[in-house]
1. With the structure loaded, tell me whether residue 68 is touching a helix residue (DSSP H, G or I) at 6+ places or on another chain (Cβ under 6 Å) and surrounded by fewer than 17 Cβ atoms within 10 Å (Cβ to Cβ) or whether it fails that test.
2. Scan the stretch 15-22 and give yes if some residue there is modelled with pLDDT of 85 or more, outside the structural domain of residue 93 (by TED's automatic domain parsing) and touching a Pro at 6+ places or on another chain (Cβ under 6 Å), otherwise no.
3. Given the conditions (1) modelled with pLDDT of 80 or more; (2) surrounded by fewer than 16 Cβ atoms within 10 Å (Cβ to Cβ), and given that residue 155 satisfies all but one, which numbered condition is not satisfied?
4. Quick check: is even one residue across the stretch 31-50 assigned to a strand (DSSP E or B), buried (at least 20 other Cβ atoms within 10 Å of the Cβ), of a type in the set (Lys, Arg) and in contact (Cβ under 8 Å) with a residue 24 or more places away in the chain?
5. Suppose we keep only residues that are in a strand (DSSP E or B) and of a type in the set (Gly, Ala, Ser) within the stretch 173-218. Which one would you say is nearest to residue 234 (Cα to Cα)?
6. Can you tell me which residue is modelled with the lowest pLDDT among those in the stretch 257-272 that are of a type in the set (A, V, I, L, M, F, W, C) and within 46 Å of the chain's Cα centre (by Cα)?
7. Given the conditions (1) in a strand (DSSP E or B); (2) in contact with a strand residue (DSSP E or B) (Cβ under 7 Å, 6 or more places away or on another chain); (3) surrounded by fewer than 17 Cβ atoms within 10 Å (Cβ to Cβ), which single one is not true for residue 281?
8. Considering each of 122, 104, 166 in turn, give the residue that is at pLDDT 85 or above, surrounded by fewer than 17 Cβ atoms within 10 Å (Cβ to Cβ) and on the phi > 0 side of the Ramachandran plot.
Amino acid sequence: MTALYQNRGGIKLTSPEGANHGFIEGDLLRAQRFTGNGTYQSDTVVASVKSDLKTFYVEPLSADLPAKNFDYVRIGNSIDATRQGAIYLTSDDSEAPFMDVIDGVSAHNKLGVVDNIKLRAGKLQITDQSIGLIGAPVYGLYSSSAYLKGNLVVGGDVNSLTLADGTIGLGKITGNAQRAIKIALTGDAEEDRVTSGVFAYNATGVEIFAIRLDATAQIAGFSFDSTKIYNSNIELNSGTPSISLGPDLTTLGYNAGTGIWMGNDDGAYKAYIGTSEQNLKFDGTNLTITGAITATTGAIGGFNLDNGNM
C-alpha cells in the first residue's frame, strides 16, 4: 500500500495477540532498549491504520528499523495537536534517570526540547534560558508552572545557582539579575551573612532592597533598621524623632558640624542649620544666629533698616 509519508510503502506491524493497538495516523512511535552492548532506538510514524485496529503501517525514520519483539510507544503526533503529549520515563538516556510530562511533540527531535518539557522529576541537567543551567547535576523537580498546597521547604546542601533575570531564586543563590528577587543562604560561615538574606533588583540589576543576615538592611540606597532609614548624608529617625542632613549631623547629632538637623534632643525640640562658624540654632527656648547677617530692609530692636542705613 502507499504510505502517507515520504511517498513510499510502509512497514506492516500487528498488535500482539490481535489486541487493539490504539494508534492513529500521524502518531510518532519509538522503540528503545539497552541490549547489553548498546542501545537501539527505532523511530517510526504511523502511515495508515486498518479498520480492524489490529494492523497498521509505519514509515521508519531512523537507522534502526522495526524488528521482531520491538515494543513501540507513542511519544507524539505529527498532525493532531491533542496527541502530542505523553509521559516519558527513561533510565537509558544520557541524562537519565528522569520522568518527563511532555506536550507539543510534533516530531521525534522535539522530544527533548526544553519548551516541550512541562514537568521533569529526577535528574535535572537541562538548560532553560529563563533560569540558566539546572544541576551539576542535582535531583529534583522542574516545571513550567507549579501549584503547591501546604508547606514549601527549601534548603539542604544543594549546588550554588546563579540568579537569572525576572525570577525568584531560593537556596544557595549567587549574583544579581534584572527584575529579580533572591532569598539566599549562601553558607554557614560568618562572612556568608553579608550575602545571605532577602534581596531585590531593579530593571538594570541594581540592588534596591536587602535584608541581610548580618543585621544590615537597605532600600533604594538607604540602610534601615527598626527605628531609622539612613545613609552617609541623610537620616530619618523615628526613635528620636529627628531628621538629619549632612554627614556631620547624621553622625554627631544636633549642633555639630555642617548640615541641617531638626528633632527632639534631650526632651526638647530643636533645630540647627549651617556650619560651626555660621549657623542658625534653636535650642528649644532661644533662637541664636552665629555669623554675618545681611539685610536690605526690615526692623530689628526698634531700628528700621533700608539699603545702607539703620
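The values are calculated or read from the model by the stated rules, or taken from the named source; none is laboratory data. Keep in mind that what you see is a predicted model, and the values were worked out from it rather than measured. Cβ: placed from backbone, ideal geometry, glycine included. Neighbour counts: every protein chain shown.
1. The answer is no for residue 68.
2. No, that holds for no residue.
3. Checking residue 155 against (1) modelled with pLDDT of 80 or more; (2) surrounded by fewer than 16 Cβ atoms within 10 Å (Cβ to Cβ), the one that fails is (1).
4. No.
5. 217
6. 261
7. Unmet condition: (3).
8. Step by step, each of 122, 104, 166 is checked, and only 104 is at pLDDT 85 or above, surrounded by fewer than 17 Cβ atoms within 10 Å (Cβ to Cβ) and on the phi > 0 side of the Ramachandran plot.
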